[in-house]
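This report refers to the structure that appears directly beneath it.
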């Protein structure tokens, strides 16, 4: 069995590759993040992802499928119920969620809000689904007058608390979020409580990089826990530490911008540690997908593509790189929600078969099972390894 020293997972947040068979149950028939963007723009320009086989997974305008891919390629279906960030990442790490996290299309019930207000000693403003940039402009005058926090949600399972940094200091906002996290368990166990600090004047407000997520802890051990338990390193980039409530992580660099995240990946790659580098590049989802900015989304993908050779050059002979996503967020689609889609899977490394179609995996958790086998560690509860499909013969 070939010795693999380290796996690197890069999650291109929300970069889906076509509707899942159950998309109708989520109102997502016709969603196709990559395909629809390519059609609307007349093609995508992603030559380095193309070389890894992205255009061979399915026909995407602008990408050549008639090439010899430099690695293995395929796509994965989400077996969990849901299409949110936490569910997708937990499944990538070997944990399938059979029940969706609760969502609140009419705002949070009185039992939640009353307890939260009692804990923080203030009333809340808002308490409805909204775009964060819209609701802070809508309620800024009242927020400045009362110093009450703005609470809102979305189609995701989130309890978001927004506050101007000069009205409610960031540390106090974090304390409010921690109190909300302690309240929001059981029936109301939302996936994430999110601090949303902002600055500026009415009409020119801007959310800051001091956002912080307070996530539920995974109910079972994940790939991260098992790697750490085996004495290897788990180095996270971006919001991975928040998504897993800092569990199973030995070092983290909580970057926000995609280019900073790539720099962090390269820094961790230089250390040549055994284990896992797990990175999330969030801007596709956060800035472009939810805001339905097709051109911006495509440009952000092009920026990643231009830096992909740096990542490939940083790999050691016994490293394996996996590029994938956690759900879709088709910027051409109606509404502002995530979309229920397959995610691409590109696998590259010195020991990986080239021009090799691994077809469709039934669960994202297969990725965790594969990495566990590659690193010779304990397998997670969910997922089936595809190691034998991607590793060159001994």
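If I take every Cα pair under 8 Å that is 6 or more residues apart in the chain, average their sequence separation and divide by the length, what percent do I get for the relative contact order? About 30 percent, as a whole number. Rounded to whole Å, give me the distance from the Cα center of the range 183-215 to that of the range 319-394. If you average the Cα positions of each part, the centres end up 30 Å apart. Fully extending the segment from residue 314 to residue 170 would add 48.2 nm, taking 0.36 nm per residue of separation and subtracting the current Cα-Cα distance. Working ranking of peptides 268-281, 185-198 by packing, defined as the average number of other Cβ atoms within 10 Å per residue, highest first, is 268-281, 185-198. By its C-alpha gyration tensor, with a ≥ b ≥ c as the square roots of the eigenvalues, how is the range 210-253 shaped: rounded for a/c under 1.5, else prolate for a/b larger than b/c, else oblate? Because a/c hits 1.5 or more and a/b fails to exceed b/c, the range 210-253 counts as oblate.
Between the helical axis of 365-374 and the longest alpha-carbon principal axis of the chain there is an angle of about 50 degrees. Exposure proxy shown here: for 320, 199, the number of other Cβ atoms within 10 Å sets the order, fewest to most, as 199, 320.
Between the Cα long axis of helix 170-183 and the first principal axis of the chain there is an angle of about 80°, rounded to the nearest 10.
In the chain, helices alone account for a calculated mean residue ellipticity at 222 nm of -9500 deg cm²/dmol, with every DSSP H run of four or more residues adding -39,500 (n - 2.57).
Taking every DSSP beta bridge that has both ends in the chain, the antiparallel portion is near 35%. Cβ-to-Cβ counts within 10 Å put 83, 56 in ascending order as 56, 83, the fewest first.
Going by alpha carbons, how many degrees (0 to 90, nearest 10) lie between the helix axis of 110-120 and the longest principal axis of the chain? For helix 110-120, the angle is close to 80 degrees.
Each label point was placed 7 Å from the Cα along the Cα-to-Cβ direction; for residue 111 and residue 64 their separation is 6.1 nm.
Could you tell me how far the Cα centroid of the range 1-58 sits from the Cα centroid of the range 87-160, in Å? The distance from the Cα centre of the range 87-160 to that of the range 1-58 comes to 30 Å. Modelled spin labels at residue 259 and residue 25, positioned 7 Å past Cα toward Cβ, are 4.2 nm from each other. The modelled label-to-label distance between residue 250 and residue 122, using points 7 Å beyond Cα along the C-beta direction, is 4.1 nm.
FRET efficiency for the residue 141 to residue 187 pair, using the beta carbon distance and R₀ = 30 Å, is estimated at 0.30.
Read the figures in this text as sums done on the coordinates, not as results from a lab. This is a predicted model, so every value here is computed, not measured. Note that each Cβ is placed from the backbone with ideal geometry, even for glycine, and that neighbours are counted across all protein chains shown.
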